[in-house]
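Working notes, beginning with the structure itself.
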Ligand SMILES: [Zn+2]
């Protein structure tokens, strides 16, 4: 099994988020070649800003491993981790992270900050990026395109109602 195989599994999780109108980010945790946890963004569903895919699988993995240290795990996520998730990855001492596409506005594996490789912190992460880049990036752009379209339609409908033409 290679990185692409596991990223494809993370993409399946992202697809689940897409289906329920959540920003489509998915993740899987791999230990000794086996997927031990799967998760996807559920921020709206749970009405909780902490419910990112990475946090979900770190929680599940710690339970399975029976330790807060996830030292023999690799985390696969479709989008570059945000500050919270990058922090959690460092806290869990995860040695390796593989992500698909960059997040220019919030990414903390080099885009905005490089939390995963900050020499002043007590843990550094081996990062591989760009695995299934096209797929990971296009599911995001499709989501936001549809989201903006829906928002625009909603706004237009509201304005129509306001002027009494419906
Ligand atoms: Zn996050």
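Is it possible to state the helix-based mean residue ellipticity at 222 nm for the chain, with each DSSP H run of 4+ residues giving -39500 (n - 2.57), the sum divided by total residues, to the nearest 500 deg cm²/dmol? What is it?
-14500 deg cm²/dmol
Starting from the Cα of residue 151, step 7 Å toward the Cβ, then list every residue of region 44-65 with an amide N under 18 Å from that point.
Label zone hits: 44-45.
Using only C-alpha positions, report the orientation-averaged shadow area of the convex hull of region 3-164, nm², one decimal. Show your work: numbers first, answer last.
On the way: hull surface 40.6 nm².
Average projection, Cα convex hull of region 3-164: 10.2 nm².
For region 21-164, calculate the relative contact order in percent as a whole number, restricting contacts to Cα pairs under 8 Å that are 6 or more residues apart.
The normalised contact order for region 21-164 reaches 18 percent.
Looking at region 3-164, send over the antiparallel percent of its DSSP beta bridges, to the nearest 5. If you can, show how the numbers build up before the last one.
Details: 12 of 21 bridges.
Of all bridge pairs located within region 3-164, approximately 55 percent are antiparallel.
Just order 153-160, 115-122 by mean Cβ neighbour count inside 10 Å, highest at the front, would you? Walk me through the intermediate numbers first.
Working: 153-160: 10.2, 115-122: 13.9.
Highest mean packing first, the order is 115-122, 153-160.
Among 92, 53, 14, whose mean-square fluctuation peaks in a Gaussian network model of the chain (Cα, cutoff 10 Å)?
92
What Kirkwood radius, in Å to one decimal, follows from the Cα pairs of region 1-56? Working shown, then result.
Working: mean 1/r = 0.0888 Å⁻¹.
Across region 1-56, the inverse of the average 1/r is 11.3 Å.
Values in this text are rule-based calculations from the coordinates and carry no lab data. Model, not experiment: these values are computed from the prediction. Cβ: placed from backbone, ideal geometry, glycine included. Neighbour counts: every protein chain shown.
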